[in-house]
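Each remark here refers to the structure printed beneath this line.
Each reported figure results from applying straightforward, stated rules to the coordinates on display, with no laboratory input. For clarity, every value in this text was computed on a predicted model and none was experimentally measured. No Cβ is skipped: glycine too gets one built from the backbone with ideal geometry, and neighbour counts run over all protein chains shown.
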Protein chains: 2
Amino acid sequence: MKVAEYIAKKLIDQHVTDVFGIPGGVILDLIYAFDKCPGINAHLSYHEQAAAFEACGYAQVNHSLGVAYATRGPGFTNLITGIADAYADSLPVLFITAHSGLAVGHEQRFEQEQEMDTVQMVKYITKFASTVECIDQVEAKIDEAISKALTGRKGPVLLDFSTSLWNEDVENDCSQSKSNAKHNVVGTLACESIWKIIEKAQRPVFLLGDGIRQANVCYKLSNYINDIGIPVLTSRGAQDTGRACREYYGYIGSHGIRYSNFIFAKADLVISMGNRLAFPVKSESFQKAIQNKTIIRIECDENELKRAIPNSIVFKEELSNFVQGIKEQSIKTSNYESWLNVCRELKRHLCRTDCNDIVDTVSDIFRKISDETIVVADVGNNEFWLSRAYEISGIKNRILYSKSFGALGCGIGKAIGAYYKTKKPILCVVGDQGLQLNIQELQLMTQEKLPITIFVVNNHSSGMIKDRQKSREKFVHTTLDSGFMTPKFNLIAQGYGIDYLQLTDDVTDKNKILEAVKKPIIIERFFDESIGLQPSLPKGKQMQDMTPEIDRDLFKKLSEL
Amino acid sequence: MKVAEYIAKKLIDQHVTDVFGIPGGVILDLIYAFDKCPGINAHLSYHEQAAAFEACGYAQVNHSLGVAYATRGPGFTNLITGIADAYADSLPVLFITAHSGLAVGHEQRFEQEQEMDTVQMVKYITKFASTVECIDQVEAKIDEAISKALTGRKGPVLLDFSTSLWNEDVENDCSQSKSNAKHNVVGTLACESIWKIIEKAQRPVFLLGDGIRQANVCYKLSNYINDIGIPVLTSRGAQDTGRACREYYGYIGSHGIRYSNFIFAKADLVISMGNRLAFPVKSESFQKAIQNKTIIRIECDENELKRAIPNSIVFKEELSNFVQGIKEQSIKTSNYESWLNVCRELKRHLCRTDCNDIVDTVSDIFRKISDETIVVADVGNNEFWLSRAYEISGIKNRILYSKSFGALGCGIGKAIGAYYKTKKPILCVVGDQGLQLNIQELQLMTQEKLPITIFVVNNHSSGMIKDRQKSREKFVHTTLDSGFMTPKFNLIAQGYGIDYLQLTDDVTDKNKILEAVKKPIIIERFFDESIGLQPSLPKGKQMQDMTPEIDRDLFKKLSEL
């Protein structure tokens, strides 16, 4: 029996009939197991905090086991208030979370995407909290958790499973799969040596991250880069930083811009600044992408340096010192014209690939907003479409992402905060799920008459997770048919006293966006549920060869540039 | 300069113009300081999670300091998702929380009401986290926190202040005020010895807590108590347990029932079962109340036994074993008739004291619901009015409270969970603030057509905190005029496709409550904002002499009974 199914059966043995949570990547298999298992019903909550409370209520009414599950990161942290509640009131609740890596150390921020030391955080508000890493731990830890929850003075317990376990058979042993990441030794070099490396490169690129802004070197650095004429790529979260550079060619990544990934793949030197290179270092795609090049890393955080990137030369340095230092080097402007022409050619061929109705609509909106408008992205597919629209539209507006933690529903809150700091109009782009998580904040928007436009990309689905469910036999909790619903936002808007506009193809309506920015408004557009997140980078593929594939002759031609 | 004001000034020095949070008891002074200080605006959020995100957005847009504040307990835990977000994205945010005790140990659940080891919980998702206990730490810790947030790789910091510091002068030193709680040695006795103690008592009472239900001894114990005819009191959270006993006389506490407190005060023996006696042990009122009596404690949790209660004899025993053991003792029914007559007399004189429009309305509703309906209380003043209505109405329905953690907004979630466990109709009583915190959960109610009636006690205010502000020069963030608002719940209901009924004095409307329980509905009634929480027990007063005072002649007469 698979671990996920085993858990479902164990819970049924404890008379658990209903469990609560929100689907997320690392717990999908568990949710599917619940879905398949007669006798147990998983309910879709609209906030993990509420899921935790639902499990608390479930546990409290008859002093029997309640269960809430959550994905890693914000899913887990959203549970914490409920965990503490269960602890204080001695409610026997089993909280189930999962992880794909395991953040054992505490120095790196975060060692694994979205992950943290869950056990440490809830140690003193649970009766028992443990990670489950190996198949031979599964039965004993589940038994121990359930037993501790229910015996003596009752209380909450938490099990944080390695996601790789869900589909293992309960009999197996995975003790041999434990591995210790090996850290390369990193060297430090004086500032001047960097130019010698750059001079030798034929196809150098700068790879900028949001650290550029944090170090306040955006203006100086972009001037410098413009002077030497090297093309620039960024992480997705730093695309507005890249826009300050003349030769900016978009953001790379597994959902990146095709021509950006192509340029990165072709580069022989990557100068990474303010970017923590948060790639899965051991992935085949990443290994392929970096094997042919040298990477210069400038990084001020000693703990990040423990992250071993092959072929890299590391400068442990504050960016501001570094930018000052390198600016003082004499600039021997090499001629990068032929390399830039390759970049331009790639962009010309691929710039309209991967567009869809949503990307085009958001691009249209971007072209209408004022330069000072700050764009705030929520989390989910909508944020990736927004990134693409930003790249296509060519706007230079400041844009805020929830970059690495990915807390769904943070958009409205961030929009409000950004407004108070800047007193500038805000355009907050949010999906129909993300909007619900903190919909109560509309109250603050309306009573303080904040000039925030919420553009709701309503595709009637929890799109990102739905995309991950496409290879399954059916959707669960991510579409209208599978249990994901949204309220009528026009009426909700009315309830909060906020203007509402349903966007159509009518140009007059689109122009209203210009007028709208002076007061709170919800603008909603309904999109086809079938629009997926494209392109993506399947495991092991070359980073420039994303899915769906482009015409093979064109791919060959571009590869040979 | 007072500490609270000092913090406001420090933040202004860092160009912080707007801060975010929700008022709570231990941080009130800080909020008032913000309110008074020109140059800084405190904004009322509708969820601490959103407050944290607002501070994150504020910090992110210009890489400058953002600030969110929260009260202890759920206020703090609601921040955690935002703290992790700030950590992952290197956002310089100062999170400010406060405590009145200090949970240094980890064994007691919780050592101090609503409090926990905040520093331990966020240690690995902050750059710096510290409690501030003494006045001589204030300046250095604030400086260190702000400096760590803003230098090097930026990130969140948390300061958890002792609430007693807010109004101290920054120059003072409080190092002498540190105290170590001294634990009395507790003894254990065999089961049979308890009857000998009871036999000697003239005015014994049972004091039951929710542990009775948890230990599943409710039925056996109430039969036993009914046989021996000793009067019963409970904690507020266990009033439905008390209702199973024939001679039940309500719940005690600082907002308890007057006659219950009177009876407790007059008792010479308290047999406490399933009750953790969560009184502030060192308070004068409590010391007065227990000086004239013996307390028998039956407690299975070794860590709770570290809580030293004067005049107590402690049995470390599972309740189920204990109830079995004591039942086997021969019952020599003493005649408690004269003591019971005193209890009855107290109740007769005081049963209509402290009623108000809200209590009466909720009592009316209680009398209309079916016996199987489960009552779920949210948090806030509404929960205390509900408790009183429960006592007055005489119903025996199961009732669920968020007993010790007090997480505002947990009502809807708990109601949903309780429904799934029992498949019984639910009446959830919630205030107009609590409803907002997880209003998104209406979606789950409506799409699954759950038979949950949400009764909204709408007094246009954040009542409990408003009551605590009454002695101040003005309200802040707790009334319509001071920034606390609610949406139009009728329209919100419509947005979620839920029926809505505004309750008036019309009897037909009231009868609709009976029909309503088969499907989700929001029933709202508007109440006068001025209705406060009464009675209360001012510091140091005798527990039976609550405020507002009853007629002095009557008080004297009842005291002499």
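Counting only C-alpha contacts under 8 Å and six or more residues apart, can you give the relative contact order of the range A:193-350 as a whole percent? If you can, show how the numbers build up before the last one.
Working: 256 pairs, mean separation 41.2, N = 158.
Here the relative contact order equals 26 percent.
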Quiz item: Other chains near B:419-430: what is the mean number of their Cβ atoms within 10 Å of each residue's Cβ?
Solution: 3
Quiz item: Around residue B:82, what is the net charge, scoring Lys/Arg as +1 and Asp/Glu as -1 over all other residues with Cβ under 13 Å from its Cβ?
Solution: -4
Practice problem: Rank-order A:158-166, A:466-474 by packing density, defined as the average count of other C-beta atoms within 10 Å over each peptide's residues, highest first. | Solution: A:158-166, A:466-474
Quiz prompt | Approximate spin-label separation residue B:351-residue A:41, in nm, with each point projected 7 Å along Cα-to-Cβ | solution = 4.1
Quiz prompt | DSSP bridge pairs, chain A: antiparallel proportion in percent, nearest 5 | solution = 5
Quiz prompt | Taking N as its residue count, the alpha carbon Rg of the range B:223-301 over 2.2 N^0.38 Å | solution = 1.06
Quiz item: What does the charge dipole of chain A about its Cα centre add up to, to the nearest 20 debye, if the Cβ of each Lys and Arg holds +1 and the Cβ of each Asp and Glu holds -1?
Solution: 1460
Quiz item: Can you give me the Cα centroid spacing of the range B:435-508 and the range B:364-395 in angstrom?
Solution: 17
Quiz item: Can you pull the mean other chain C-beta count within 10 Å for peptide B:38-49?
Solution: 4
Self-check item: Inter-probe distance in nm under a simple model that places probes 7 Å from Cα toward Cβ, at residue B:480 and residue A:303
Solution: 4.9
Quiz item: Using r as the Cβ-Cβ distance of residue A:470 and residue A:246, and R0 as 56 Å, what FRET efficiency do you calculate, to the nearest 0.05?
Solution: 0.90
Quiz prompt | Ratio Rg/Rh, restricted to the range A:1-154 and using Cα atoms, in which Rh is the Kirkwood radius | solution = 0.93
Quiz item: What FRET efficiency comes out for the pair residue B:202/residue A:200, r = Cβ-Cβ distance, R0 = 56 Å, nearest 0.05?
Solution: 0.05
Quiz item: Which value, in nm² and rounded to one decimal, describes the direction-averaged projected area of the C-alpha convex hull of the range B:242-382?
Solution: 11.1
Self-check item: Histogram of C-alpha separations across the protein assembly as shown, 10 Å bin width, %
Solution: 2, 10, 18, 23, 20, 13, 7, 4, 2, 0, 0
Quiz item: What ranking of A:245, B:37, A:410 emerges when the number of other C-beta atoms within 10 Å of each C-beta is taken as an exposure proxy, fewest first?
Solution: B:37, A:245, A:410
Quiz item: Nearest 10 degrees, 0 to 90: what angle lies between the long axis of helix B:357-368 and the longest principal axis of chain B (Cα atoms)?
Solution: 60
Quiz item: Restricting to the range B:357-526, what percent of DSSP beta bridges are antiparallel, rounded to 5?
Solution: 5
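What is the mean number of Cβ atoms from other protein chains located within 10 Å of the Cβ atom of each residue in peptide A:16-24, rounded to a whole number? Present the calculation step by step, with values, prior to reporting the outcome.
Values: counts 1, 3, 6, 1, 5, 0, 0, 0, 0.
Going residue by residue through A:16-24 and averaging, the value is 2.
Taking 0.36 nm per residue of sequence separation and subtracting the Cα-Cα distance, how much length would be gained by fully extending the chain between residue A:334 and residue A:423, in nm to one decimal? Present the calculation step by step, with values, prior to reporting the outcome.
Values: separation 89, 0.36 × 89 = 32.04 nm, distance 4.34 nm.
27.7 nm is the gain from fully extending residue A:334 to residue A:423.
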Quiz item: What angle, in degrees between 0 and 90 and rounded to the nearest 10, separates the Cα long axis of helix A:319-328 from the longest principal axis of the Cα atoms of chain A?
Solution: 10
Quiz item: What dipole magnitude, in Debye to the nearest 20, does the protein assembly as shown give about its Cα centre under +1 on Lys/Arg Cβ and -1 on Asp/Glu Cβ?
Solution: 280
Quiz item: Which distances, in nm and shortest first, link the residue A:306 label point to the same label point in every other copy, taking 7 Å along Cα→Cβ?
Solution: 3.1
Practice problem: Would you mind telling me the antiparallel percentage of the DSSP bridges in the protein assembly as shown, rounded to 5? | Solution: 5
Quiz prompt | Cut-off under 5 Å, modelled amide H: who pairs with residue A:129 long-range | solution = A:158
Practice problem: Arrange the peptides B:384-395, A:525-536, A:425-436 so that the one whose residues have, on average, the most other Cβ atoms within 10 Å appears first. | Solution: A:425-436, B:384-395, A:525-536
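Once the Cβ-Cβ distance between residue B:288 and residue A:62 is put in as r, and R0 is 30 Å, what FRET efficiency do you end up with, to the nearest 0.05?
Numbers: r = 39 Å, r/R0 = 1.28.
Result of the calculation: an efficiency of 0.20.
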Practice problem: State the answer as a single residue: which of A:369, B:146, A:384 lies farthest towards the positive end of the charge dipole of the protein assembly as shown, with beta carbon charges of +1 for Lys and Arg and -1 for Asp and Glu, about the Cα centre. | Solution: B:146
Quiz prompt | Teacher prompt: residue A:548 distances to equivalent labels in other copies, 7 Å Cα→Cβ, nm | solution = 7.5
Exercise. Note down the nm distance, to one decimal, between modelled labels 7 Å out along Cα→Cβ at residue B:268 and at residue A:226.
Key: 9.2
Quiz item: Dipole of the range A:193-350, Cα-centred, from +1 at each Lys and Arg C-beta and -1 at each Asp and Glu C-beta, to the nearest 20 debye?
Solution: 440
Self-check item: Computed lengthening from residue B:318 to residue B:552, 0.36 nm per intervening residue step minus Cα-Cα distance
Solution: 79.8 nm
Quiz item: What list of ³J(HN,Hα) couplings, whole Hz, do you get for the range A:149-164 from phi and the Karplus terms 6.51, -1.76, 1.60, once you set θ to phi - 60° and write x for glycine and proline?
Solution: 4, 9, 9, x, 6, 5, x, x, 9, 9, 10, 10, 8, 5, 5, 5
